[in-house]
1. If you scan segment 228-243, which residues turn out to be in contact (Cβ under 8 Å) with a residue 60 or more places away in the chain and of a type in the set (K, R)?
2. Among the residues of segment 150-166, are any in contact with a Ser or Thr (Cβ under 7 Å, 6 or more places away or on another chain) and more than 26 Å from I43 (Cβ to Cβ)?
3. Give segment 297-346 a look and list any residue that's within 18 Å of D112 (Cβ to Cβ) and of a type in the set (S, T, Y), or say none.
4. Can you find, within segment 291-312, the residue that is surrounded by the fewest Cβ atoms within 10 Å (Cβ to Cβ) among those that are in a loop (DSSP other than H, G, I, E, B) and in contact with a helix residue (DSSP H, G or I) (Cβ under 6 Å, 6 or more places away or on another chain)?
5. Can you report the number of residues in segment 1-24 which are assigned to a strand (DSSP E or B) and closer than 18 Å to C342 by Cβ?
6. Scan segment 235-263 for residues that are touching a Leu at 6+ places or on another chain (Cβ under 7 Å), crowded, with 21+ Cβ neighbours inside 10 Å and not in a helix (DSSP H, G or I) and jot them down.
7. Could you look through segment 108-131, keep only residues that are in contact with a strand residue (DSSP E or B) (Cβ under 6 Å, 6 or more places away or on another chain) and touching a residue at least 40 places away in the same chain (Cβ under 8 Å), and pick out the one that is farthest from G261 (Cα to Cα)?
8. Within segment 103-175, which helices (runs of 4 or more DSSP H) (wholly inside it) include 3 or more residues that are among the β-branched types (V, I, T)?
Amino acid sequence: MRVLLDVLSPKMAMLAFYIRKALLDEGFDVEVIARDQTQTRAILDMLRVPYKLIGRYGTTLKEKLQAELQREQLLLDYMDHCGIPDVLWSKGSVSGFRVAFGLKIPIVCTNDTLHNEPVVRLTVPLVDFLVIPEAYKAEDWSQYGISKARIIRYKGLEEVTWMKNLRPNKKRILKEVLGEVVDRLIVVREIEYKSSYYSSNITSIVRLLAKSLENFTILYIPRYKEDYERVKGLNNVRVPKKIPYAPELLAVADLVISSGGTMCTEAALAGTPVINYFFWTPIAEYLKKRGLPIWYAPYPENLISKAKEILKKPETYRVNTELLLEQMESPVPKTVECIKRCLSKY
């Protein structure tokens with residue numbers, strides 16, 4: 001049986017690595033395809049996952065539509081050449097799900113980004129099985145056109161998959177990423193401003209942070225080439241020469257400031273203090289209720305104030321998460337189970 005994993009983002013690349021391994025261990029034929037996006041490719045290469053590039057990433061609304069339409073044809077051509085898979089998995093591939101639905105290929109989706117409503121509306125109704133974290137209720141998703149009977153919940157988060165058993169060495173990581181060991185490290189990741197859910201009135205915060213926290217080292221994780229321009233002339237801001245393995249880096253940071261997505265969750269699960277300045281989702285609430293060090297500060301004055309407070313003694317805010325992670329589930333086992341159910345059904 002042949003399973004096709006459609007990867008469109010760095011986080012999907014992480015999930016695909018573990019799903020692929022689980023399926024290969026059970027004797028499945030697994031292929032990975034990916035959209036041509038720098039950081040997605042970097043993660044797949046880092047994890048040594050073989051893949052084929054199909055399609056590109058659009059930035060403006062018109063470019064996104066054009067890219068998805070073009071990718072549908074490229075996927076059809078790929079399947080004509082390589083054969084139609086028995087199941088398609090992705091985290092929310094508009095073009096992949098559209099082609100799979102048209103060819104009656106069963107679809108399994110592992111998703112936790114309900115805030116990306118444009119993608120959710122275009123993908124969820126086509127899914128055979130949707131695997132979601134318990135931070136969400138089934139009705140949060142069923143309102144978009146999927147039966148609750150096809151929604152599978154698990155007791156954990158996607159990031160638990162790779163955050164369990166993480167044992168990073170701080171000195172090694174800092175030397176690899178910065179070239180030196182610093183006293184206080186702040187990792188900053190801004191919002192995905194080319195996403196379909198981005199609002200144009202959201203401004204960059206890195207220059208404000210650099211000025212307000214000038215006595216600390218800030219490691220800025222860029223998303224696109226143009227992001228390097230944002231930090232020119234900021235003496236206390238560093239940019240890694242290559243994309244680091246984020247889970248380890250976040251685990252050894254003293255503070256993480258991010259827009260509320262994957263890195264916020266990874267940092268909190270590592271027990272690292274994290275300030276979320278944009279999204280406060282059910283996942284963030286889920287983390288907070290479990291005693292993890294995550295705060296919401298949507299206004300600049302609150303953000304700076306909280307950051308300065310934490311940086312006085314960051315070790316007092318850090319939480320040991322080992323026991324909690326042992327108790328939490330990864331979505332991989334239930335995702336594999338859903339793939340098997342699709343195969344037996346069809």
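1. Of the residues in segment 228-243, the ones in contact (Cβ under 8 Å) with a residue 60 or more places away in the chain are 238, 240, 242-243.
Across segment 228-243, the qualifying residues are R238, K242.
2. Yes, that holds for at least one residue.
3. S330, T335
4. The qualifying residue surrounded by the fewest Cβ atoms within 10 Å (Cβ to Cβ) is A297.
5. Narrowing segment 1-24 to residues assigned to a strand (DSSP E or B): 2-7.
Now drop any that are not closer than 18 Å to C342 by Cβ, which leaves 2-6.
Result for segment 1-24: 5.
6. Residues satisfying the conditions are A253, D254, L255, V256, I257.
7. If we take residues in segment 108-131 being in contact with a strand residue (DSSP E or B) (Cβ under 6 Å, 6 or more places away or on another chain) and touching a residue at least 40 places away in the same chain (Cβ under 8 Å), then D128 is farthest from G261 (Cα to Cα).
8. Correct list: 117-123.
The values are calculated or read from the model by the stated rules, or taken from the named source; none is laboratory data. In this text the structure is predicted, and so the values were computed from the model without any measurement. Don't worry about glycine lacking a Cβ; one is built from the backbone with ideal geometry, like all the others, and counts go over all protein chains shown.
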